[in-house]
Amino acid sequence: MNDMPEPAGQETGGLTGRQVAELAEQLNQLLRLRTFPIGMKLFADKAEMEAVPGLRRPAKGKTFSTCQLVTQSRMAGFTLGITTENVPPFSSCSSVIGLDAPGEIYTSGRKMEGVWFESREAAAQHQLQMPRVSPDGWQGLAISPLRTGRLDPPDICLFYGNPAQMILFINGLQWRNYQRYDFSITGESACADSWGSALKYRKVSLSIPCYAERRYGGVADDEMLMACPPADLQRAVTGLQGLSKAGLRYPIMPFGPQAEPAEGMAKSYAGKS
C-alpha cells in the first residue's frame, strides 16, 4: 500500500513558511516554550533539500540518532539536511522518517530481544506495529526552526513542552471545532509516535519521548512532544487566543487544594447557571 502523503497544500492549509513562522511566534507567546518550535520537510530530490537557505549538513563521517539532530535544531537553531549518511542506515532512526526500510535485525526482533523486550516475538511485534513513513523514494529530510521560514512550508510542525502546555494546545485545537484525540504509545522508539506518525498520516500526534530520546536527544524529564501539520498549528493558535480571552492561559495559576472552587470557577462561568 502506498503511504506517501497527499500533495502539499491540503495539510498546510495553503500557509507559507513566513506565515508558519508568525504562528510559531504567537505559539511562543501563548505557551512560553523553552525551545524553538521546529519544522520537518521530506524531499524526494536531494538537490532540492540542499537548496534550502542556511542548510547545514551533520559532520561528515559521523552518524547521529534523529532525536539528536532534532535537538540541535530546537536548541541551537540549526537548519539541518539529513540523509542516510547521517543516521544509522536501515534502523528505526532512518526508517521512521522514510529514508529506507528497517533491516532484518530490527524486523526479526533480534536487535531488541533481551533489551527492551523479553522475547524476540515481542520485539518483532514492536517493529511491526511501529508507525513509519513508507520509503517510496525519499532522499532527505530537512529540520529547521519555524521562526526562520526556511521550509516553505514544512510538512509538519513540532514543539516540546510540559503536560500543562500540551493540554492547553489540545484545548486550542478543540476550541472552534471539537474532536476527540487518541494518541498511540509505541514505547521505546517513541519518535514513531511523533514525527513518524505525523509525517505518515499528516495528523496531530502527541508523544511521550522514550528513554533513547532522553538519553541521547537531551529531552528533559517533564517534556512531551507535539507534532502536527501547519493547518493544525494555525487552528490551535486561534483556539489558544480564544481561550486566553476567556482567562484560560499558561502558566495556569493554582487556585489551591483547600479553597472552595466555586469562587474561581465563577470567573469563567459567570451567568451560566
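Of note:
- Shape summary: segment 117-273 maps onto an equivalent ellipsoid whose semi-axes, from the alpha-carbon gyration tensor, are 34, 21, 15 Å in decreasing order.
- Projected onto planes of every orientation and averaged, the convex hull of the alpha-carbon atoms in segment 89-198 covers 9.0 nm².
- Each of [x] 19.6, 67; [y] 16.9, 48; [z] 24.0, 90 is a candidate for Rg and Dmax of the Cα atoms in Å; the one calculated from this structure is [x].
- For the chain, adding -39500 (n - 2.57) for each run of n ≥ 4 DSSP H residues and dividing by the number of residues yields -10000 deg cm²/dmol at 222 nm.
- In the context of the full set of protein chains, residues of the chain present 51 Å² of accessible surface per residue (probe radius 1.4 Å, heavy atoms only).
- Neighbours of Arg18, meaning other residues whose beta-carbon lies under 13 angstrom from its beta-carbon, give a summed charge of -1 when Lys and Arg score +1 and Asp and Glu score -1.
- Relative contact order computed over the chain (Cα-Cα under 8 Å; 6+ residues apart), in percent: 26 percent
- Geometric extent, Cα atoms of segment 63-103 - Rg, Dmax (angstrom): 10.2, 32
- Each part gets one Cα centre, and for segment 245-273 versus segment 172-204 those centres are 29 Å apart.
- Over 15 Å [Cα-Cα, segment 19-99], rounded percent: 62 percent
- Comparing mean-square fluctuations of Glu113, Glu260, Glu22 from a GNM of the chain with C-alpha springs under 10 Å, the top value falls on Glu260.
- For Gly140, nonlocal amide neighbours, meaning residues 5 or more places apart or on other chains whose placed amide H falls under 5 Å from its own, are Phe43.
- Restricting the calculation to alpha carbons of segment 1-138 gives Rg and Dmax of 17.3, 49 angstrom.
- For segment 156-219, the orientation-averaged shadow of the C-alpha convex hull comes to 4.5 nm² (one quarter of the hull surface).
- Accessible area of Asp100 in the full protein assembly, 1.4 Å probe (Å², nearest 10): 20 Å²
- Taking segment 38-156 and dividing mean pair separation by its residue count, relative contact order in percent (alpha carbons under 8 Å, at least six apart): 41 percent
- Accessible surface of the chain [probe 1.4 Å, protein heavy atoms]: carbon and sulfur percent: 52 percent
- Ignoring lysines fewer than eight residues from Lys62 along the same chain, the ones with Cα atoms less than 26 angstrom from its Cα are Lys41, Lys46, Lys111.
- Between 0 and 90°, nearest 10: helix 163-174 axis offset from the chain longest Cα axis: 80 degrees
The values are calculated or read from the model by the stated rules, or taken from the named source; none is laboratory data. Since this is a predicted model, take the numbers as computed values, not measurements. Neighbour counts are summed over all protein chains in view; Cβ atoms, including those assigned to glycine, are modelled from backbone coordinates with ideal geometry. These accessible areas exclude ligands, DNA and RNA; they are computed on the full protein's heavy atoms, side chains included. Shrake-Rupley method; radii C 1.70, N 1.55, O 1.52, S 1.80 Å.
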